[in-house]
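One structure is given here, and the rest of the page talks about it.
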Amino acid sequence: MKKTLASLLILSLMVMPLASCNKAGGGTGDSSAATTQTSASEEPSAPSSDTSSTETQQPGNKWADADPAEILSKLTLEQKAAQMVQPDIKKMNPDKMEQNDYGSILSIFDKWPQDDQNTWIKRIRDYQLKALSSEAGIPYIYGQDSVHGLYGVNGSIVYPHNINAGAANDPELMYEYGKAVASDMKHVGTIFNFGPCVAAAQDPRWGRTYESMSSDLGRMTALAEQFIKGQLDEGVIVCPKHFFADGYCEFGSGEGDFLIDRGDAKLTEDQINEQLQSYKRFIDAGSQTIMITHSSVNGVKMHENGDLIMRLKNELGFKGFIISDWESIHKCSGATLYDQVVNSVNSGIDMLMEPNDYEKCRQYIVEAVNKGDITQERVDDAVLRILTVKKNAGVFADPMLENTNPSYDFASDHGKEIARKLAAESLVPIKTGKNITIKPGMKVFVAGPAADDTGVMCGGWTMLWQGSSDEQNGSKWIMNGSTILSALNQQAQAKGFTVVTDPSEIDSCDMVLLCIGEVPYAEWYGDTEDLSITGSCALPGNQEAIEFAKKSGKPTTTLLVCGRNVIINDYIDNWDSCIMCYLPGSEGGNGICDVLTGDAEFKGTLPMPYYSSVDQIGTDKCWHDVGWSAAQ
């Protein structure tokens, strides 16, 4: 149906229902972000969220003063095997923890809104009581993807994504960022962080490009190292991921029908050695755990690539434990899950992230030792590593996390300042011309589907795996989030400019601020063939908003809210200025407004090459290279 001009203008200011990116076969088009609201009562056999029951009599902590080797010597094979698996909390009630005392738990509940800080710490302590009450009595650690702030915690700060961190390229700020996130982790009890992601995306068609700080190993390594140090100084457990060659998979090699995600990286020995040096720095910084990638290197799935995994331990001197990714051993060779457990453990993986088959895997480890397929020495090495990480992190001394002493309040003003500054520093001018900033006295028409949507600002891995838009959710996805429009409205009077959204007033405006971007996505849901700002992963309404801005005849400054450098060749000649904002998070609107109004300078540079066409990818040609900015 053709729209009238007026209705088109109004719709361009709204976030329309999101369309999933094109998915090559593997995607059904039904993103997990599209969830309905559920209540805590739907959690499978989870403890009550009634915080009045937190003062439960604690069982004795029999290992508080023991060293890891002593603890190991007292455990049965069955108890050791339990330390080597990590169930999904949705699939394991507290009684199972008391029965088997698993080494770790992970994940969130598939609902919105998510639980708040108090509910989370209560839940984690309830499970810990069960672990301490078990025969083994070993405290567990809760793992979570705090990759840009806390994951799945209502009221938390959503920091800019890694691609923003790479654009800002501010190591000192990265340290503070890591420390602030770790402080919030301690408030909640999720002290085992599956991060930082240390991918170095080489092909922006990959759906995890925004999880990469840079395509340049040097830039990525320096920033990740500082984030790790900030986290460690706050006293949490870090897990650089994903080992190995994350971001180097070739287009068309994706697992199953995926375009690129979980595919195969073809590396020379020199490239392998270069990337190992990045992990050497992460290990030397104090990283306690490392996660394996879903993908393959030179045709071998990394979850069974013992040659590379053991180089971490034997060559780089890694003393921590190595964890698999979500059910990834199931994609390895082996006719049965038993075979896959044997292969992965013998390849050097110490803990299996098995959300559903955790108990089967525990039993298979025991069976394999009894059959001689896994040696007792291999199990003892894995468990000693796990126990040592827990001991050094203070988990045996303070299993209920009552004396962690976070440096900042939960979701503190300090953390919000860091998030806002990181967002501002990450903005990269792609074209500088008229109205790159807003001046006093100006009337600014704000348009486009990315103008007023907290979910779009934050992208994937926000509250839920795929994230969501406000429009898709039916209300604000991030209740405490700022948008471009809301931040401009807050600053308009003080800065002396006027914000206009009524199409009937467009003729009186001095400029159009065109806000367009990508839908939220994660992993293979973001794989794309075209990379266009009006292509498969574009926000609905981008094309119409672009056409409206052009027809208005007004000077136009375009803000791109995207998880990668999207192709804009067909449109940029019609824009006076263009700024890449990437995915700036819940303080992103404020950070963008700071730069647009002159309170902060343009500091960001490209963390990855900007291509003018997909044909340039994989060649030595690009539109603009790493480190470039139109403001330079």
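The values are calculated or read from the model by the stated rules, or taken from the named source; none is laboratory data. Keep in mind it's a predicted model, so treat the numbers as computed, not measured. Backbone-built Cβ (ideal geometry, glycine too); neighbour counts: all protein chains shown. These area figures cover heavy atoms from the full protein model, side chains too; ligands, DNA and RNA do not enter into them. Shrake-Rupley method; radii C 1.70, N 1.55, O 1.52, S 1.80 Å.
Residues checked against (1) touching a helix residue (DSSP H, G or I) at 6+ places or on another chain (Cβ under 9 Å); (2) within 30 Å of Leu173 (Cα to Cα):
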site	(1), (2)
Thr388	yes, no
Ala397	yes, no
Glu402	yes, yes
Tyr408	yes, yes
Gly415	yes, yes
Lys421	yes, yes
Glu425	yes, yes
Lys434	no, no
Ile438	yes, yes
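Would you tally the residues in the range 574-596 being under 16 Å from the mean Cα position of the chain (by Cα) and either within 12 Å of Pro429 (Cβ to Cβ) or among the aliphatic types (A, V, I, L, M) (or both)?
Residues meeting the conditions: 1.
Could you tell me which residue of the range 600-622 is farthest from Ile567 (Cα to Cα), considering only residues that are free of Cβ contacts under 8 Å to residues at least 40 places away in the same chain and part of a loop (DSSP other than H, G, I, E, B)?
By that ranking, first place goes to Glu601.
Working only within the range 141-156, note down all residues that are farther than 15 Å from Asp115 by Cβ and open to solvent by 10 Å² or more (accessible area, probe 1.4 Å).
Within the range 141-156, Asp145, Val147 meet the criteria.
Looking at the range 100-133, which of the residues that are open to solvent by 10 Å² or more (accessible area, probe 1.4 Å) and among the hydroxyl-bearing types (Ser, Thr, Tyr) is nearest to the chain's Cα centre (by Cα)?
Step by step, filter the range 100-133, then rank; the result is Ser107.
Does the range 508-527 hold any residues that are of a type outside the set (Phe, Trp, Tyr), part of a helix (DSSP H, G or I) and open to solvent by 10 Å² or more (accessible area, probe 1.4 Å), and which are they?
Ser508, Glu523 - these are the residues of the range 508-527 that are of a type outside the set (Phe, Trp, Tyr), part of a helix (DSSP H, G or I) and open to solvent by 10 Å² or more (accessible area, probe 1.4 Å).
Here are some conditions: (1) open to solvent by 30 Å² or more (accessible area, probe 1.4 Å); (2) modelled with pLDDT of 95 or more. Pro44 meets all but one. Which one does it not meet?
Pro44 satisfies all of (1) open to solvent by 30 Å² or more (accessible area, probe 1.4 Å); (2) modelled with pLDDT of 95 or more except (2).
Could you check, for the range 377-397, whether at least one of its residues is among the hydroxyl-bearing types (Ser, Thr, Tyr) and more than 22 Å from Tyr142 (Cα to Cα)?
No, the range 377-397 contains no residue that is among the hydroxyl-bearing types (Ser, Thr, Tyr) and more than 22 Å from Tyr142 (Cα to Cα).
Could you list all residues from the range 268-298 that are closer than 24 Å to Gln340 by Cβ and over 24 Å from the mean Cα position of the chain (by Cα)?
Of everything in the range 268-298, just one residue is closer than 24 Å to Gln340 by Cβ and over 24 Å from the mean Cα position of the chain (by Cα), namely Asn298.
How about the range 213-231: which of its residues are open to solvent by 10 Å² or more (accessible area, probe 1.4 Å) and either within 17 Å of Val181 (Cα to Cα) or over 17 Å from the mean Cα position of the chain (by Cα) (or both)?
As a first pass, look at the range 213-231 and keep what is open to solvent by 10 Å² or more (accessible area, probe 1.4 Å): 215-219, 222, 225-226, 229.
Correct list: Asp216, Leu217, Gly218, Arg219, Ala222, Glu225, Gln226, Lys229.
Quick one: which of Gln79, Gln117, Gln86, Gln99 is free of Cβ contacts under 8 Å to residues at least 40 places away in the same chain and polar (S, T, N, Q)?
Details: Gln79 fails: free of Cβ contacts under 8 Å to residues at least 40 places away in the same chain; Gln117 fails: free of Cβ contacts under 8 Å to residues at least 40 places away in the same chain; Gln86 fails: free of Cβ contacts under 8 Å to residues at least 40 places away in the same chain.
Sole residue among the options that is free of Cβ contacts under 8 Å to residues at least 40 places away in the same chain and polar (S, T, N, Q): Gln99.
Is one or more of the residues making up the range 412-432 farther than 30 Å from Asp510 by Cβ and not in a helix (DSSP H, G or I)?
There is at least one residue in the range 412-432 that is farther than 30 Å from Asp510 by Cβ and not in a helix (DSSP H, G or I).
Among the residues in the range 161-183, are any out of contact with any helix residue (DSSP H, G or I) (no Cβ under 9 Å at 6 or more places or on another chain), within 17 Å of Glu523 (Cβ to Cβ) and open to solvent by less than 10 Å² (accessible area, probe 1.4 Å)?
In the first step, residues of the range 161-183 are kept if they are out of contact with any helix residue (DSSP H, G or I) (no Cβ under 9 Å at 6 or more places or on another chain); the result is none.
No, the range 161-183 contains no residue that is out of contact with any helix residue (DSSP H, G or I) (no Cβ under 9 Å at 6 or more places or on another chain), within 17 Å of Glu523 (Cβ to Cβ) and open to solvent by less than 10 Å² (accessible area, probe 1.4 Å).
Determine which single condition Thr404 fails, assuming it passes every other condition in (1) closer than 30 Å to Leu559 by Cβ; (2) open to solvent by 10 Å² or more (accessible area, probe 1.4 Å).
(1)
Being among the small types (Gly, Ala, Ser), surrounded by fewer than 16 Cβ atoms within 10 Å (Cβ to Cβ) and within 17 Å of Asp216 (Cα to Cα) is the filter here; which residues of the range 609-632 pass it?
Gly618, Gly627
Applying the selection to the range 573-599, what residues are in a strand (DSSP E or B) and in contact with an Asp or Glu (Cβ under 8 Å, 6 or more places away or on another chain)?
Across the range 573-599, there are no qualifying residues.
Residues that are closer than 23 Å to Lys550 by Cβ and open to solvent by less than 10 Å² (accessible area, probe 1.4 Å): find the helices (runs of 4 or more DSSP H) completely inside the range 440-500 holding 2 or more of those.
Counting at least 2 such residues, we get 484-495.
Could you check the range 288-316 and list, in sequence order, the residues that are open to solvent by less than 10 Å² (accessible area, probe 1.4 Å) and either farther than 14 Å from His242 by Cα or in contact with a Pro (Cβ under 7 Å, 6 or more places away or on another chain) (or both)?
Ile290
Across the range 264-287, what is the number of residues that are closer than 24 Å to Glu354 by Cα and either surrounded by fewer than 23 Cβ atoms within 10 Å (Cβ to Cβ) or of a type in the set (A, V, I, L, M, F, W, C) (or both)?
The qualifying residues number 1.
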